[in-house]
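Visitor: Dropping the structure in here first, questions after.
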Amino acid sequence: MDRDGIYELTYPALASAGVAVDLLDPRTFQVFTGGEEVAIRVVGEEDGTFDAQDVILFWGEGPDDKYTNRNVYWLGYGQAMGLRMATRPAGPTAGVPVPPATWARPHFEENVGYWSLMPGDDALEPVSYTHLTLPTIYSV
């Protein structure tokens with residue numbers, strides 16, 4: 001992964017990678033990164049079969065260091081039941097008004113240089129950037 005976001009693994013993607021998807025119990029899917037299991041959501045796992053319309057969803061994060069531009073995630077299956085994302089209802093709560101609008105302020109940066117011999121702590125990122133700011137946007 002090269003950026004933060006929700007990633008999906010589909011039946012066709014796993015089948016084309018050579019995984020025997022028809023024989024899998026999707027409740028045993030597990031995703032790992034950095035030696036830690038990541039909570040996932042498997043849409044359609046309730047029936048115990050991984051079907052063509054089923055999908056694995058997980059939150060993936062890009063790298064957080066200066067030595068690589070990718071983060072690796074591993075898919076495991078066939079062992080213990082995997083860690084799952086918690087779910088909760090997303091509808092409006094009774095009696096609580098829904099706001100008609102919200103404020104948002106986007107923030108953008110563009111990396112324009114890299115200083116590989118920057119003195120100091122290795123935790124410092126030797127990147128120079130241009131800060132781009134847009135005006136506040138009122139969305140409805």
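The values are calculated or read from the model by the stated rules, or taken from the named source; none is laboratory data. What you see is a predicted model; the values in this text were computed from it and never measured. Methodologically, a virtual Cβ is constructed for each residue, glycine included, from the backbone with ideal geometry; neighbour enumeration extends over all protein chains shown.
Visitor: Just for segment 76-88: of the residues that are in contact with a strand residue (DSSP E or B) (Cβ under 6 Å, 6 or more places away or on another chain) and within 11 Å of Glu37 (Cβ to Cβ), which one is surrounded by the fewest Cβ atoms within 10 Å (Cβ to Cβ)?
Guide: Of all residues in segment 76-88, those in contact with a strand residue (DSSP E or B) (Cβ under 6 Å, 6 or more places away or on another chain) come to 76, 82-83, 85.
Right, trim to within 11 Å of Glu37 (Cβ to Cβ) and you get 76, 82-83.
Details: Gly76: 13, Gly82: 22, Leu83: 15.
So the residue we want is Gly76.
Visitor: Now, a different point. With the structure loaded, tell me whether Val98 is assigned to a loop (DSSP other than H, G, I, E, B) and at pLDDT below 90 or whether it fails that test. Write out each step before concluding.
Guide: Values: assigned to a loop (DSSP other than H, G, I, E, B): yes; at pLDDT below 90: yes.
Yes: the conditions hold for Val98.
Visitor: Hey, another quick one. Gly44 versus (1) more than 30 Å from Leu117 (Cβ to Cβ); (2) touching a Gly at 6+ places or on another chain (Cβ under 9 Å); (3) surrounded by 14 or more Cβ atoms within 10 Å (Cβ to Cβ): which is the lone unmet condition?
Guide: With (1) more than 30 Å from Leu117 (Cβ to Cβ); (2) touching a Gly at 6+ places or on another chain (Cβ under 9 Å); (3) surrounded by 14 or more Cβ atoms within 10 Å (Cβ to Cβ) applied to Gly44, the lone miss is (2).
Visitor: Just to verify a result, which residue in segment 34-62, among those that are closer than 15 Å to Trp74 by Cα and outside any strand (DSSP E or B), is modelled with the lowest pLDDT?
Guide: Gly62
Visitor: Now for a different question. Which residue, of Thr33, Thr87, Thr28, is β-branched (Val, Ile, Thr) and over 17 Å from Ile6 (Cα atoms)? Outline the logic, then answer.
Guide: Working: Thr33 fails: over 17 Å from Ile6 (Cα atoms); Thr87 fails: over 17 Å from Ile6 (Cα atoms).
The match here is Thr28.
Visitor: Could I ask something else about it? For segment 31-40, check the following and say yes or no: at least one residue is in contact with a helix residue (DSSP H, G or I) (Cβ under 9 Å, 6 or more places away or on another chain) and surrounded by 12 or more Cβ atoms within 10 Å (Cβ to Cβ). Break it down into steps so the answer makes sense when it comes.
Guide: Going through segment 31-40, the residues in contact with a helix residue (DSSP H, G or I) (Cβ under 9 Å, 6 or more places away or on another chain) turn out to be none.
No, because not a single residue in segment 31-40 is in contact with a helix residue (DSSP H, G or I) (Cβ under 9 Å, 6 or more places away or on another chain) and surrounded by 12 or more Cβ atoms within 10 Å (Cβ to Cβ).
Visitor: Tell me, which residue of segment 8-33 that is in a helix (DSSP H, G or I) and charged (D, E, K, R) is modelled with the lowest pLDDT? Lay out the reasoning, then the answer.
Guide: Of all residues in segment 8-33, those in a helix (DSSP H, G or I) come to 11-16, 21-23, 26-28.
Then keep just the ones that are charged (D, E, K, R); that gives 22, 27.
Values: Asp22: 89, Arg27: 94.
Going through the qualifying residues, I end up with Asp22.
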